[in-house]
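Take a look at the structure set out below.
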């Protein structure tokens, strides 16, 4: 039978069933977080998800770690992408004209505005553009922006150019790391942090610390993740990156095995997210998408063995990250969701489903290799533990080992 309920209704039903809640349990939870008083429990006969209109309460169902399921998680805004035509309409310039302006002796505000738009475009292409192409474009534009320092600039323009250089350097560093060039990525990250310090730009500095946390997470340095996350939160506590820093800290605590600290870090991130305005451009890699909190929680729940919740969130990540025609809006998030489904299937004895999800994760065109190997390691461990004698499992493990040999260092821990 087809489920013709809207996505928000299916989401609430899935969350309720994942927690083994009855309808009365769900009503009590909703009552505890509703901004206004609700009718008596006995007067609500239908499940919340079966109502004709979606609930207006900003907080719906509390999560296991004490924070609520956000309204934005259940009813996310449509995905947005700014294409080249929008960029041209906004800036009034094409790439050739921007480059010609960079070659002038003086830099006007229109040039800087156009560079901001170009930087935003490149950061927005991060999830979709092939890594090699994005790396070439990012480095080219970084060189062009750095050349502006040789021109006569006002103090405000100098700081603005430093910040632009920092954003571009971080984008280049992320792609370098995705492609396995970890030493170049770390050098680029340090350069970005230096630029942020000189420009006194807290947000760029916060993302530089977040990159350090990410590098440490994928190489198994979990105490390093916590140190980087806390350092970044100290300098950028009022910016969106603070949410991601809290999430990285939660991931580290999950891998260390401290469930209480996982809950503390996730709750901190969720509270920060609640107090921030909804982003204007969700595609920008350096903008925290509220829907991505599902990915953070999914990762943590998978690691601490909350398989039902991890599987529920993985299905939601795939739904939110895929268009109706099957086009993937969030390919790298979808990869992690598939690995999560593979891990939970392996634990439940479904080898066929586990292998299918693991293989599909390896087939994506746009991947972060360190992330893929890190999460696939967990699936590999379940395969070795439960299915070491199965030929199909041995084939999957051999393919994963071949991938790790192509990117040495990421499987060393």
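The set of residues in the stretch 277-300 being surrounded by fewer than 24 Cβ atoms within 10 Å (Cβ to Cβ) and in contact with a strand residue (DSSP E or B) (Cβ under 9 Å, 6 or more places away or on another chain) consists of 290 alone.
In the set (1) in contact (Cβ under 8 Å) with a residue 24 or more places away in the chain; (2) touching a helix residue (DSSP H, G or I) at 6+ places or on another chain (Cβ under 9 Å), the condition left unmet by residue 152 is number (2). The residues on offer are 227, 205, and the sole one that is outside the structural domain of residue 160 (by TED's automatic domain parsing) and either surrounded by 22 or more Cβ atoms within 10 Å (Cβ to Cβ) or touching a strand residue (DSSP E or B) at 6+ places or on another chain (Cβ under 9 Å) (or both) is 205.
Residues in the stretch 254-266 that are under 19 Å from residue 374 (Cβ atoms), without any contact (Cβ under 8 Å) to a residue 40 or more places away in the chain and touching a helix residue (DSSP H, G or I) at 6+ places or on another chain (Cβ under 8 Å): 256, 265. Name the residues in the stretch 2-19 that are in a loop (DSSP other than H, G, I, E, B) and touching a residue at least 60 places away in the same chain (Cβ under 8 Å), would you? Residue satisfying the conditions is 19 alone. Residue 358 satisfies every condition listed in (1) part of a helix (DSSP H, G or I); (2) closer than 23 Å to residue 10 by Cβ except (2).
Yes/no matrix, rows are residues, columns are (1) surrounded by 21 or more Cβ atoms within 10 Å (Cβ to Cβ); (2) part of a helix (DSSP H, G or I); (3) modelled with pLDDT under 85:
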{"residue": "372", "(1), (2), (3)": "yes, yes, yes"}
{"residue": "377", "(1), (2), (3)": "no, yes, yes"}
{"residue": "382", "(1), (2), (3)": "no, yes, no"}
{"residue": "385", "(1), (2), (3)": "no, yes, no"}
{"residue": "393", "(1), (2), (3)": "yes, yes, no"}
{"residue": "396", "(1), (2), (3)": "yes, yes, yes"}
{"residue": "399", "(1), (2), (3)": "no, yes, yes"}
{"residue": "403", "(1), (2), (3)": "no, yes, yes"}
{"residue": "408", "(1), (2), (3)": "no, no, yes"}
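Applying the set (1) touching a residue at least 12 places away in the same chain (Cβ under 8 Å); (2) under 27 Å from residue 6 (Cβ atoms); (3) within 16 Å of the chain's Cα centre (by Cα) to residue 289 leaves exactly one unmet item: (1). Of all the residues in the stretch 324-349, those that are at pLDDT below 90, more than 18 Å from the chain's Cα centre (by Cα) and more than 23 Å from residue 20 (Cβ to Cβ) number 4. Screening 274, 198, 186 for residues that are in contact with a strand residue (DSSP E or B) (Cβ under 8 Å, 6 or more places away or on another chain) and either free of Cβ contacts under 8 Å to residues at least 40 places away in the same chain or surrounded by fewer than 22 Cβ atoms within 10 Å (Cβ to Cβ) (or both) leaves exactly one candidate, 274.
The values are calculated or read from the model by the stated rules, or taken from the named source; none is laboratory data. What you are looking at is a predicted structure, and each value in this text was computed from that prediction instead of being measured. Cβ sites come from the backbone with ideal geometry, for glycine too, and all protein chains shown count toward neighbours.
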